[in-house]
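**Q** The structure is given below, and queries will be raised subsequently.
The values are calculated or read from the model by the stated rules, or taken from the named source; none is laboratory data. Keep in mind that this is a model prediction, so the values were computed, not measured. Note: ideal-geometry Cβ built from the backbone for every residue, glycine included; neighbour counts use all protein chains shown. Surface areas here come from the heavy atoms of the whole protein model, side chains and all, with no ligands, DNA or RNA. Shrake-Rupley method; radii C 1.70, N 1.55, O 1.52, S 1.80 Å.
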Amino acid sequence: MTMTLIQAVITVAIVVVGTVFTRFLPYLAFPEGKRIPPFVAYLGKVLGPAVFGLLVVYCFRNTDLFTSFAAGGTHGIPELAGLLVTAVSFCRKRNMMLSMAAGTAVYMLLVQLVF
């Protein structure tokens, strides 16, 4: 079932309005010169590390440490190597995007070329 032209235009318009609204909402809720509430400042400090921790748990949720190599298992070696590279590069460079990219690259290289 495909959308008609009018349905497509309405869908795109709703997405545009929603995107613009979410982009401007922080400026409306916290105008320049107004003090940011302590709870919002607290969330700004803890949500980044919490999301990163959630990603780590998500990445390791299906890792089987006990499947033998003969049965196609990796004992979690690519995942652990990716985590180690991510952690070490973050500790050295303090750049989260670089760290995630490096860890992902190591993981993908190991999965595609070694295991």
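**Q** Restrict the check to segment 26-43 and report whether at least one residue is loosely packed, with under 10 Cβ neighbours inside 10 Å and aromatic (Phe, Trp, Tyr).
**A** Within segment 26-43 (the criterion being loosely packed, with under 10 Cβ neighbours inside 10 Å and aromatic (Phe, Trp, Tyr)), the answer is yes, since at least one residue qualifies.
**Q** Counting just the residues of segment 75-99 that are under 12 Å from Cys59 (Cα atoms) and not small (Gly, Ala, Ser), which one comes out least open to solvent (accessible area, probe 1.4 Å)?
**A** The selected residue is Pro78.
**Q** Kindly provide the set of residues from segment 102-114 that are among the small types (Gly, Ala, Ser) and surrounded by fewer than 14 Cβ atoms within 10 Å (Cβ to Cβ), ordered by number.
**A** Looking only at segment 102-114, we keep the residues that are among the small types (Gly, Ala, Ser), and these are 102-103, 105.
Once the filter is applied, which keeps residues that are among the small types (Gly, Ala, Ser) and surrounded by fewer than 14 Cβ atoms within 10 Å (Cβ to Cβ), segment 102-114 yields only Ala105.
**Q** Turning to a different aspect of this structure: Confirm whether Phe115 is touching a residue at least 40 places away in the same chain (Cβ under 8 Å) and touching a helix residue (DSSP H, G or I) at 6+ places or on another chain (Cβ under 7 Å). Working first, answer last.
**A** Values: touching a residue at least 40 places away in the same chain (Cβ under 8 Å): yes; touching a helix residue (DSSP H, G or I) at 6+ places or on another chain (Cβ under 7 Å): yes.
Criteria met by Phe115.
**Q** A further question on this structure: Tell me which residues, restricted to segment 57-115, are acidic (Asp, Glu) and part of a helix (DSSP H, G or I).
**A** Of everything in segment 57-115, just one residue is acidic (Asp, Glu) and part of a helix (DSSP H, G or I), namely Glu79.
**Q** Scan segment 19-33 residue by residue and report those that are at negative phi and of a type in the set (Gly, Ala, Ser).
**A** First, pick out the residues of segment 19-33 that are at negative phi: 19-32.
Passing the criteria: only Ala29.
**Q** I've got another one for you. Please verify whether segment 61-70 includes one or more residues that are touching a residue at least 12 places away in the same chain (Cβ under 8 Å) and in contact with a Ser or Thr (Cβ under 9 Å, 6 or more places away or on another chain).
**A** yes
**Q** Under 8 Å between Cβ atoms, at least 6 apart or on separate chains: pull out the pairs that start in segment 45-58 with a residue that is within 18 Å of Arg94 (Cα to Cα) and end on any residue that is open to solvent by less than 60 Å² (accessible area, probe 1.4 Å) and among the charged types (D, E, K, R).
**A** Partner pairs satisfying both residue conditions: none exist.
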